[in-house]
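The values are calculated or read from the model by the stated rules, or taken from the named source; none is laboratory data. Bear in mind the structure is a predicted one, so any value in this text is a computation, not a measurement. Positions of Cβ are generated from backbone atoms using ideal geometry, with glycine treated the same way; all protein chains shown enter the neighbour counts.
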Amino acid sequence: MYSFDFISSYENIISALKKGLGFLSSLQTNSGEFLSTRCIKSRIWQKEYVRDVFANAVILNSMKAVRIVLGDEITLSNMINRLICFIHSQSEDGFFRFFGKGSNIHFDLDTTSCCLSALRRFGVNFDYYDVACHILRYKRKDGSFFTWIEDRGAPYLKRINDIDWCVNANILFFFSLFGVRLPDTERFISKIIDSGLFKIRSLYYETPLAFVYFLSRVYFELKISPHKSLIKYLQEVNWNNPLDCALILSSSVLLGVKNNFHQMISFLLETQNKQQGWDSFDFFTEGLYSLFRVSYGSEALTTALVLESLSLFLSFKRYH
């Protein structure tokens with residue numbers, strides 16, 4: 001499917017993986033977590049580091065592909081085990097809050113489904129069934145899921161419960177890990193694709209490529225043929241940073257889409273910084289822009305997603 005005649009050497013990619021892993025490991029705190037950068041823009045930029053359980057779940061999910069390539073490498077194994085312990089510690093009766101255990105925010109289906117998916121993929125024992133049953137309560141008649149869990153430990157009454165197609169893709173992925181399909185939710189997602197809405201940012205995600213990446217995992221897990229519009233989008237969309245490039249590369253490999261892999265691999269290797277990681281870029285936000293903008297990202301998150309994409313590329317024969 002893919003030609004390696006002009007691709008960067010296997011050794012160079014492995015070297016980048018190991019150096020990137022070393023950088024990522026250096027960012028892990030004593031608690032086992034990776035902090036996120038929150039940027040608040042009103043009249044001036046305000047930047048701070050915060051606990052963000054969701055991003056840690058994304059990072060853990062990414063390490064699954066890295067482990068397939070690097071095996072039981074000590075740095076990787078230790079980092080994964082500590083990250084699993086951190087995420088597990090943030091559970092409150094099986095549910096998760098974006099800012100962590102006991103924070104003044106509702107439980108949400110995105111953080112919860114991503115945390116459960118990550119734990120499931122690494123074989124962690126958990127009461128997945130009861131949480132899955134509760135998640136299904138938040139499915140609407142059209143198959144879409146709400147974002148916020150309002151009947152468990154809600155700190156205040158929400159005026160509106162949002163719907164985000166990225167959140168729905170992550171919920172589908174969680175259920176796919178048990179071989180469960182949600183046909184009405186899949187139809188909702190198909191409508192988003194048919195309408196072209198997926199080409200713009202969703203409510204909470206900065207880049208449209210987040211949706212394609214999340215959904216590609218579902219299609220791969222359930223062995224569903226990708227929508228033609230997704231294939232065309234992946235082959236035509238441009239990237240201007242390592243985060244978007246990594247999302248395109250991972251999605252293309254998982255969906256079996258022919259793409260300009262030489263250019264993507266070269267770009268990712270060239271943008272590895274002096275610290276051997278990749279720079280931070282906005283991945284998700286606190287919703288659409290209003291009086292001010294709040295966005296989240298981190299070097300750890302970008303680096304993890306790049307490492308995943310390079311690992312998926314190297315191990316593509318395992319996937320197709």
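Some notes on this structure:
- Of residues in region 92-125 being more than 21 Å from residue 284 (Cβ to Cβ) and not aliphatic (A, V, I, L, M), the one modelled with the lowest pLDDT: 102
- Residues located in region 240-272, provided they are closer than 18 Å to residue 15 by Cα and among the small types (Gly, Ala, Ser): 246, 266
- Residue 166 falls short on exactly one of the conditions (1) assigned to a loop (DSSP other than H, G, I, E, B); (2) under 20 Å from residue 286 (Cβ atoms); (3) hydrophobic (A, V, I, L, M, F, W, C), and that condition is (1).
- Tally, over region 252-287, of residues that are of a type in the set (S, T, N, Q) and in a loop (DSSP other than H, G, I, E, B): 8
- Helices (runs of 4 or more DSSP H) (entirely within region 51-134) containing at least 3 residues that are without any contact (Cβ under 8 Å) to a residue 60 or more places away in the chain and of a type outside the set (D, E, K, R): 74-89, 109-121
- Checking each residue in region 201-231 for being outside any helix (DSSP H, G or I) and surrounded by fewer than 24 Cβ atoms within 10 Å (Cβ to Cβ) picks out 201, 203, 204, 205, 206, 207, 208, 223, 224, 225, 226, 227.
- One residue stands out in region 265-281 among those that are surrounded by fewer than 19 Cβ atoms within 10 Å (Cβ to Cβ) and among the hydroxyl-bearing types (Ser, Thr, Tyr): the one that is modelled with the lowest pLDDT, namely 266.
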